[in-house]
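Novice: So that we are looking at the same thing, I have put the structure below in structure tokens.
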Amino acid sequence: MTAVTRLAPIDTGTPERVAEITVAAVDHIGNTSAASIDSAAEAVEQEGKKLADRLRKLASAVREHTRIAAQEVSNFSLMMTTMGDTVRSLENQIKGDAKDE
């Protein structure tokens, strides 16, 4: 007994009936497969949207951390420049005081 005969007993006496059942079986298989594919596509789409949303949040966080890091580097550079200027000024003052003695 085949899968088709288990699903729908076939009246083997008429070729028209065999053709009708065969067409119905093909139609059922095609529709079931299409529904399964649609369902898989929907699941992929939903998961893809979730992933895209998480990636956007990650990109936003990276931008914010980059902004903070750039500000910190800028502050450090300004401090180092100021410190360098201060050290040079002190060196010049010390050299000037040493000459006056």
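Quick note: the coordinates plus some simple rules give every number you see, no bench work behind them. Nothing here was measured: the structure is a model prediction, and the numbers come from that model. Methodologically, a virtual Cβ is constructed for each residue, glycine included, from the backbone with ideal geometry; neighbour enumeration extends over all protein chains shown.
Novice: Using a cut-off of 18 Å between alpha-carbon atoms, which lysines can reach Lys57, once sequence neighbours fewer than 8 places away in the same chain are excluded?
Specialist: Partners within reach: Lys49.
Novice: Does anyone have the angle between helix 15-100 and the longest principal axis of the chain? Alpha-carbon axes, 0 to 90°, nearest 10?
Specialist: 0 degrees
Novice: GNM, the chain, Cα, under 10 Å: largest mean-square fluctuation among Glu42, Glu20, Glu64?
Specialist: Highest fluctuation of the listed residues: Glu20.
Novice: I'd like the FRET efficiency for Ala61 and Val87, computed as 1/(1 + (r/R0)^6) with the beta carbon distance as r and R0 of 35 Å, rounded to 0.05.
Specialist: That gives a FRET efficiency of 0.35.
Novice: Suppose R0 equals 22 Å; then what is the FRET efficiency for His28 and Ala52 from their Cβ-Cβ distance, rounded to the nearest 0.05?
Specialist: 0.05
Novice: Right, next: Work out, step by step, the length gained on full extension between Ile37 and Glu20: first 0.36 nm times the residue separation, then minus their alpha carbon distance; give nm to one decimal.
Specialist: 3.6 nm
Novice: Next up: Using the C-alpha atoms of the chain, what convex hull volume per residue, in cubic angstrom, is computed?
Specialist: Numbers: hull volume 12.1 nm³, N = 101.
In the chain, the Cα convex hull volume per residue is 119 Å³.
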